[in-house]
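K.L.:
Starting off with a structure, shown below.
The values are calculated or read from the model by the stated rules, or taken from the named source; none is laboratory data. As the structure is a prediction and not an experimental result, all values here were calculated from the model. Cβ: placed from backbone, ideal geometry, glycine included. Neighbour counts: every protein chain shown. Ligands, DNA and RNA are stripped out before the accessible areas are found, and what is left, the full protein with its side chains, is counted by its heavy atoms. Shrake-Rupley method; radii C 1.70, N 1.55, O 1.52, S 1.80 Å.
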Amino acid sequence: MVASLSSSALISEVFSPACCPRLVVKIGSALLVDKAGHIRRDWLASVVADIAERRAAGQQVAIVSSGAIALGARVLGLAKGGRASLEDAQAAAATGQIGLSSAWAQLLHLSDCVAAQMLVTLDDLEDRRRYLNASATLDRLLALGVVPVINENDSVATEEIRFGDNDRLAARVGQAAAAQGVILLSDIDGLYTANPGVDPAATLVSEVRVVDARIRAMADGGSASGMGSGGMISKLEAARIAQGSGAHLAIVSGRFDHPLARFAETGIGTLFWGGEAKRGRKAWLAGRLTARGRIVVDAGAARALRDGRSLLAAGATDVQGLFARGDVIEISDAQGQLLARGLAEYDAADAARIVGRRSDAHGELLGYAPRTAMVHRDHMVLV
């Protein structure tokens, strides 16, 4: 669903210190690092000035910063911006992270801000206990007036356990930090109805309430600069995560000096309105990017889930993957549409035994007293 705002000021106002006490700002490689692989220091200084102004107004700000791989690739002389192979990306990240952190620390210090560094992997936010630890650290740093600078720990991340882009990382950090808003500074003004580089008739979408099939059809998966790893598809996924935690997310151009101040003044960008906030475990489930397996359900079970009911075995048609009781699994319909995520009440083998069977047959099939559901509604979240 796409709608128009009566005033562009409303878009930026929801990210003001008064309306958004805690904000996450993500900066992509294409903005922070030039084509030669050097930090755009004057531009970055303008961003820091914007952050310092917001902090003086009472807003707590966390930064998700790309750039380590691009910086390290220049130092090491690696082809394709350090992304020719996983090994190159890991080496470039390890080398570039030092310079990236140093630049942030120096510039923030000049603006009387204290910087902290946090490097995280996908597992740090997908594992419940580690997620809570990261959340507590972020909360304490922000409460102390520190500006955390967060990046994916690409030096140890693998293809199987990585975010792959900092858009989704920013949304997950916003969720962990209980932020009310996330701003993605990009090399494009926001979401367009089509790729503006291909279709001159494409127009900027000012606001989005729901990331549905129509909105996803507008996305282009490429990174315009060839330097970063994100694209509009990753930004829409970030918006979905942010909306699930009740936070607003904006895609804003960072091609200008003082981009946050410019956004506050003009409101130019795309605002994804935050949805109904989920709390605690359900918010963590809604934002997850991985699952151990999947249960496919029939149309009747899909309706029951939407009505807030638990998943019963009678409505299941297939069990996929290898998972244990308590693992996070997905629930989808026969067409593959994701409906929900939840904690499995059975391991995959036992779940497969009772698929499609009524509850009164479960005890004989399993050899033990059955549980009330395959996935209980108290441990499930619709997506």
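K.L.:
So what is the 222 nm mean residue ellipticity for the chain from helices alone, if each DSSP H run of at least 4 adds -39500 (n - 2.57) and you divide by all residues, rounding to the nearest 500 deg cm²/dmol? Each step should come with its number before you reach the end.
P.N.:
Values: 15 runs with 145 residues, N = 383.
-11000 deg cm²/dmol, from helical runs alone.
K.L.:
Using a probe radius of 1.4 Å on heavy atoms only, what accessible surface per residue do you get for the chain? Whole Å² is fine.
P.N.:
Values: 16580 Å² over 383 residues.
I get 43 Å² per residue for the chain.
K.L.:
Please list 3J(HN,Hα) in residue order for region 98-110, calculated via the Karplus relation 6.51 cos²θ - 1.76 cosθ + 1.60 where θ = phi - 60°; whole Hz, with x for glycine and proline.
P.N.:
Computed from phi, the couplings for region 98-110 are 4, x, 4, 5, 4, 4, 4, 4, 5, 5, 5, 4, 5 Hz.
K.L.:
Output the antiparallel fraction of DSSP beta bridges having both residues in the chain, as a percent to the nearest 5.
P.N.:
Working: 21 of 52 bridges.
So the antiparallel bridges amount to about 40 percent of the total.
K.L.:
In whole Hz, what ³J(HN,Hα) sequence does region 281-295 give by Karplus (6.51, -1.76, 1.60; θ = phi - 60°), x for Gly and Pro?
P.N.:
Running phi through 6.51 cos²θ - 1.76 cosθ + 1.60 with θ = phi - 60° gives 4, 5, 5, 4, 4, 5, x, 5, 10, 10, 8, 7, x, 8, 10 Hz.
K.L.:
So, one more: Which of L322, A157, Q106 sits farthest toward the positive end of the charge dipole of the chain, with +1 on the Cβ of Lys and Arg and -1 on the Cβ of Asp and Glu?
P.N.:
Farthest towards the positive pole: L322.
K.L.:
Now, a different point. Which value, in Å² rounded to 10, gives the accessible area of R209 with a 1.4 Å probe and all protein chains present?
P.N.:
Looks like 110 Å² after rounding.
K.L.:
Could I ask something else about it? Suppose accessible area is computed on protein heavy atoms with a 1.4 Å probe; arrange T95, T270 from highest to lowest. Mind showing how you got there, number by number?
P.N.:
Numbers: T95 50, T270 0 Å².
Of T95, T270, the descending order of accessible area is T95, T270.
K.L.:
Next up: Packing-wise, with mean Cβ within 10 Å as the measure, how do 85-94, 104-113, 173-182 rank, highest first? Walk me through the numbers on the way to the answer.
P.N.:
Details: 85-94: 18.7, 104-113: 16.7, 173-182: 25.6.
Taking the mean over residues of other Cβ atoms within 10 Å, the ranking is 173-182, 85-94, 104-113.
K.L.:
Among the lysines, which have Cα under 21 Å from the Cα of K35 when same-chain residues fewer than 8 positions away are ignored?
P.N.:
Partners found: K26, K80.
K.L.:
Would you kindly find the accessible area of I215, with a 1.4 Å probe and non-protein molecules such as ligands, DNA and RNA excluded, rounding to the nearest 10 Å²?
P.N.:
Result for I215: roughly 0 Å² accessible.
K.L.:
Which whole-number percent of Cα pairs in the chain have a distance greater than 34 Å? Mind dumping the intermediate values first?
P.N.:
Working: 23017 of 73153 pairs.
Across the chain, Cα pairs with separations above 34 Å total 31 percent.
K.L.:
Tell me which residues come under 5 Å, amide H to amide H, from A194 once H is placed; ignore anything under 5 positions away on its chain.
P.N.:
Residues meeting the criterion, in which the H sits 1.01 Å from N, are T203.
K.L.:
Next question, about the same structure. Taking all protein chains together and a probe of 1.4 Å, list R371, R74, R129 from the most accessible to the least accessible. Can you show the working numbers first?
P.N.:
Values: R371 80, R74 105, R129 185 Å².
I get R129, R74, R371, largest accessible area first.
K.L.:
If each of A202 and F256 carries a label point 7 Å out from its Cα toward its Cβ, how far apart are those two points in nm?
P.N.:
Result for the modelled spin labels: 2.0 nm.
K.L.:
How high is the relative contact order of the chain, in percent, counting Cα pairs under 8 Å that sit 6 or more residues apart? Before the final figure, lay out the partial values.
P.N.:
On the way: 836 pairs, mean separation 59.8, N = 383.
This gives 16 percent for the chain.
K.L.:
Report ³J(HN,Hα) in whole Hz for each residue of region 119-129, in order, from the Karplus equation J = 6.51 cos²θ - 1.76 cosθ + 1.60 where θ = phi - 60°; Gly and Pro get x.
P.N.:
Residue by residue, region 119-129 yields 10, 10, 10, 4, 4, 5, 10, 8, 7, 4, 5 Hz.
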